[in-house]
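Trainee: Before we start, here is the structure in question, set down as structure tokens.
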Amino acid sequence: MTYIAKPKMRHPGIATNSLGFTHRDYEGAISTLCAGCGHDSISAALIQAFFELAIEPHRVAKLSGIGCSSKTPDYFLGQSHGFNSVHGRMPSVLTGANLANRDLIYLGVSGDGDSASIGLGQFAHCVRRGINMLYVCENNGVYGLTKGQFSATADKGSKSKTAVNSDSPIDLVGMALLLGATFVARGFSGDKKQLVPLLKAAIAHQGSAIIDVVSPCVQFNNNPQSTKSYDFVREHNDAVNRIDFIEPKAEITADYAPGTVTTITQHDGSVMRLAKLDPAYDATDRARAMAYLQERHAKGEVVTGLLYFEENPGDLHHHLNTVETPLNVLNEKELCPGSAKLAAINDAYR
Ligand SMILES: Cc1ncc(C[n+]2csc(CCOP(=O)(O)OP(=O)(O)O)c2C)c(N)n1
Ligand code: SF4
Ligand SMILES: [Mg+2]
């Protein structure tokens, strides 16, 4: 069975958010993934983030490719728009949907095979175009769905249940930095306390937000010699900061020692408070972030936290100067104003 509906019964005293929605209103079908799969923890973190942000589910469009990770949008936000595309092709479908209707909140869910192997070109172009989206890569270093072959994010020398990887890894975080993403973070499915605020801040970000989430595959890549196992990440996690996310209307209370906290206001008025765990780390310096990642990777560490952030990001609509009205509600005359107008535009380029 690939689809199990959840029972509709709920506790009468269940907590609600400011819209009156319960946690259940942000859930989906019952997961059919392996018990203990990191991807299920990411789904739970997404449910919590959207519930706490009190976003109406119909305002969200969730898109994915193919893989265990790409199946997960079925397990959260059951009342949102959803599109399960072809392996590695989610970014172009998301780009098209975003161009047609800028009013939705776009959530791309992908795997390391989906994004770094077959879909690497698609990933690169959608990041460099600055699509306003949250792109989550659920990174286990293997193709879980097709029984555990190494993906392009597997570290050199890392061992899965059946093989040793001899290729150099692709780091999607490093690529996202290089390609101009304006919000770049890495999380760990086993650290919900860190992941939920990162997701919330990325959803509020009005630009291209990429979160690579190390998400162990318990079936094929959770053995002690794997660098994507629960134990390895717990032992080698270098968290550069802890983020607090405060919504525009919420009261800001200070409970950090001065000098260790950076406060950043986002475009929508929400505030991120960054408690620096590594005082030398500056999340607004792209070049430094890239160098830091390389240095720590060479030492065998997995850097997590908010790695780079741009306060006024701009997005593809901003770059293209499109109209505020979503294109999908414009009528034919507005979309195609006729040959005289076209001739005038062409003349302007002569
Ligand atoms: C065009 C195409 N090529 C290959 C496949 C076979 N296939 C399905 S899922 C998958 C890999 C999934 O890996 P990943 O994106 O890392 O997701 P995971 O299952 O690990 O979460 C592959 C190779 C496919 N479905 N379509
Ligand atoms: S095969 Fe791996 S990635 Fe797929 S559901 Fe099982 S644990 Fe998760
Ligand atoms: Mg994978």
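The values are calculated or read from the model by the stated rules, or taken from the named source; none is laboratory data. Values in this document were obtained by computation on a predicted structure and should not be read as measured data. We place every Cβ from the backbone using ideal geometry, glycine too, and count neighbours over all the protein chains shown. For the accessible areas, the whole protein counts, side chains as well, though only heavy atoms, and no ligand, DNA or RNA atoms are used. Shrake-Rupley method; radii C 1.70, N 1.55, O 1.52, S 1.80 Å.
Trainee: Any idea of ASP167's accessible area? Nearest 10 Å², probe 1.4 Å.
Mentor: For ASP167, the solvent-accessible surface is approximately 100 Å².
Trainee: Once you put a point 7 Å from the Cα of GLU56 and another 7 Å from the Cα of GLU332, both along the Cβ direction, what distance in nm separates them?
Mentor: Output for this residue pair reads 3.0 nm.
Trainee: Next up: If packing is taken as the average count of other Cβ atoms within 10 Å, what order do 283-293, 148-158, 60-70, 329-339 fall into, highest mean first?
Mentor: Peptide ranking by packing, descending: 60-70, 148-158, 283-293, 329-339.
Trainee: Still on this structure, please answer the following. Of the residues ASN98, ASN328, ASN241, which exhibits the maximal mean-square fluctuation in a Gaussian network model of the chain defined by a 10 Å Cα contact cut-off?
Mentor: Between ASN98, ASN328, ASN241, it is ASN328 that shows the largest mean-square fluctuation.
Trainee: Turning to a different aspect of this structure: For a test of the definition: using alpha carbon positions, the gyration tensor, and the 1.5 limit on a/c, classify the chain as rounded, prolate or oblate.
Mentor: rounded
Trainee: With a Förster radius of 35 Å, plug the Cβ-Cβ distance of ASP231 and ASP268 into 1/(1 + (r/R0)^6) and report the FRET value to the nearest 0.05.
Mentor: Step by step, r from the Cβ atoms, then E = 0.35.
Trainee: Taking H placed 1.01 Å from N in the peptide plane, check which residues at least 5 places from ALA154 or on another chain put their amide H under 5 Å from its amide H.
Mentor: Placed amide hydrogens put ILE170 under 5 Å from ALA154.
Trainee: Follow-up question, since we're still on this one. Using 0.36 nm per residue of separation minus the Cα-Cα distance, give me the extension gain between CYS34 and GLN149 in nm, one decimal.
Mentor: Using 0.36 nm per residue and subtracting the Cα-Cα distance, I get 39.7 nm.
Trainee: State the dimensionless ratio Rg/Rh of the stretch 1-70 (Rg: radius of gyration of Cα atoms; Rh: Kirkwood radius).
Mentor: Reported Rg/Rh, Kirkwood definition of Rh: 0.97.
Trainee: Under the Karplus relation 6.51 cos²θ - 1.76 cosθ + 1.60, θ = phi - 60°, what is the ordered set of whole-Hz ³J(HN,Hα) values for the stretch 89-100, x standing for Gly and Pro?
Mentor: 10, 4, x, 6, 5, 4, 4, x, 5, 5, 5, 6
Trainee: Mean 1/r over all different Cα pairs, inverted: what Kirkwood radius does the stretch 53-207 give, in Å?
Mentor: Evaluated over the stretch 53-207, this radius sits at 15.9 Å.
Trainee: Give me the percent relative contact order of the stretch 31-127, please, defined on Cα pairs under 8 angstrom at least 6 residues apart.
Mentor: 29 percent
Trainee: Something else about it: Assuming R0 = 25 Å, what is the FRET efficiency of SER339 and PHE83, from their Cβ-Cβ distance, to the nearest 0.05?
Mentor: 0.10
Trainee: Still on this model: Ordering CYS34, CYS217 by accessible area with a probe of 1.4 Å, largest first, what comes out?
Mentor: CYS34, CYS217
Trainee: Nearest 5 is fine: what % of DSSP beta bridges in the chain come out antiparallel, could you say?
Mentor: Rounded to the nearest five, the antiparallel share is 40 percent.
Trainee: Compute the acute angle (0 to 90°) between the alpha-carbon long axis of helix 38-53 and the principal axis of greatest extent of the alpha-carbon atoms of the chain; round to the nearest 10°.
Mentor: 50 degrees
Trainee: Just to confirm the number: angle between the C-alpha axis of helix 339-348 and the first principal axis of the chain, 0 to 90 degrees, nearest 10?
Mentor: Orientation of helix 339-348: about 70 degrees from the principal axis.
Trainee: Further, regarding this structure: Tell me, what % of the accessible area of the chain is carbon and sulfur with a 1.4 angstrom probe?
Mentor: Ligands and nucleic acids excluded, carbon and sulfur reach 55 percent.
Trainee: Within straight cross-link reach of LYS62, meaning Cα distance under 22 Å, which lysines are found once same-chain residues fewer than 8 apart are removed?
Mentor: LYS6, LYS71, LYS192, LYS200
Trainee: While we're on this one: Could you state the accessible area per residue of the chain in Å², with a 1.4 Å probe and every protein chain left in place?
Mentor: 47 Å²
Trainee: Using a 1.4 Å probe and counting only protein heavy atoms, arrange SER115, SER31 so the residue with the most accessible area comes first.
Mentor: Order by accessible area, largest first: SER31, SER115.
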